[in-house]
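Undergrad: Please read through the structure below; I'll follow up with questions.
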Amino acid sequence: MAKTELSEWKLSVIADLVFAVVPTDPKRAKTWEDVSVLAVGEYERDPSRWQAGDPNFELYEDNFIRKEYIQNRRHEIRNKLIQEKGVVLLWAPGRAYTGVWRDDTADAMQAYLEGRRRNLGGQAEGYNSQVDAGSKLHGISLPIFEEAPRLAAGVRS
């Protein structure tokens, strides 16, 4: 198995474990610390359940199923769950990573993706203004984003 495939397999395993322990009710949201501990505990409670039918567990050690590994890959886990299960991991606005829960509704997915679009639009605007300043002050020539998503949506910062 190539290194990339091995990384993807490990990510899939931990994403499945996270999916199993993250609550669906925002009132029962868990911190990422708690989620990672619960996910490891879920695996350790019955490793054969998670290893069943997966030949990779015979070839590779399961030493990656650790809370640090899970916490360091929060964003990758979130992306994996969106792609594979259509589930969004959410947290309360203003609370950063204090409480995580999952939602598989179209409204939740749309709200999350709209927020990402606004965020990326803001980043594009910031990049464009930096390129403009670099061009004026130093003659730097870099491509700009023709139409930042925030501007296209009529949203101003």
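Undergrad: What single numbered condition from (1) loosely packed, with under 13 Cβ neighbours inside 10 Å; (2) closer than 24 Å to M1 by Cα fails to hold for D62?
TA: Result: D62 fails condition (1) only.
Conditions (1) of a type outside the set (D, E, K, R); (2) at pLDDT 90 or above, marked per residue:
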| site | (1), (2) |
| --- | --- |
| E5 | no, yes |
| K27 | no, no |
| V40 | yes, yes |
| N72 | yes, yes |
| I82 | yes, yes |
| K85 | no, yes |
| R102 | no, yes |
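Undergrad: Only one of these conditions is not met by P26: (1) crowded, with 17+ Cβ neighbours inside 10 Å; (2) in contact with a strand residue (DSSP E or B) (Cβ under 7 Å, 6 or more places away or on another chain). Which number is it?
TA: Among (1) crowded, with 17+ Cβ neighbours inside 10 Å; (2) in contact with a strand residue (DSSP E or B) (Cβ under 7 Å, 6 or more places away or on another chain), the lone unmet condition for P26 is (1).
Undergrad: Let me spell it out: the conditions are (1) hydrophobic (A, V, I, L, M, F, W, C); (2) modelled with pLDDT of 90 or more; (3) under 24 Å from the mean Cα position of the chain (by Cα), and A96 meets all of them except one. Which number is the exception?
TA: (2)
Undergrad: Under the condition of being among the β-branched types (V, I, T) and assigned to a helix (DSSP H, G or I), which residue from the range 1-41 is nearest to N56 (Cα to Cα)? Break it down into steps so the answer makes sense when it comes.
TA: Going residue by residue through the range 1-41, those that are among the β-branched types (V, I, T) are 4, 13-14, 18, 21-22, 24, 31, 35, 37, 40.
Okay, now just the ones that are also assigned to a helix (DSSP H, G or I), so 4, 13-14, 18, 21, 35, 37, 40.
Values: T4: 14, V13: 11, I14: 14, V18: 19, V21: 23, V35: 24, V37: 23, V40: 18 Å.
Here the residue is V13.
Undergrad: Look at Q83 and say whether it is within 17 Å of the chain's Cα centre (by Cα), in a helix (DSSP H, G or I), under 29 Å from E146 (Cα atoms) and not aliphatic (A, V, I, L, M).
TA: Working: within 17 Å of the chain's Cα centre (by Cα): yes; in a helix (DSSP H, G or I): yes; under 29 Å from E146 (Cα atoms): yes; not aliphatic (A, V, I, L, M): yes.
For Q83, the condition - within 17 Å of the chain's Cα centre (by Cα), in a helix (DSSP H, G or I), under 29 Å from E146 (Cα atoms) and not aliphatic (A, V, I, L, M) - is met.
Undergrad: Identify, from the list E33, E58, E8, the residue that is farther than 30 Å from E114 by Cα, among the acidic types (D, E), out of contact with any Gly (no Cβ under 6 Å at 6 or more places or on another chain) and without any contact (Cβ under 8 Å) to a residue 40 or more places away in the chain.
TA: Numbers: E33 fails: farther than 30 Å from E114 by Cα; E8 fails: farther than 30 Å from E114 by Cα.
Being farther than 30 Å from E114 by Cα, among the acidic types (D, E), out of contact with any Gly (no Cβ under 6 Å at 6 or more places or on another chain) and without any contact (Cβ under 8 Å) to a residue 40 or more places away in the chain holds for just one of E33, E58, E8, which is E58.
The values are calculated or read from the model by the stated rules, or taken from the named source; none is laboratory data. Remember, it's a predicted structure, so these values are computed and weren't measured experimentally. With ideal geometry, Cβ positions are generated from the backbone for all residues, glycine too; neighbour counts draw on all protein chains shown.
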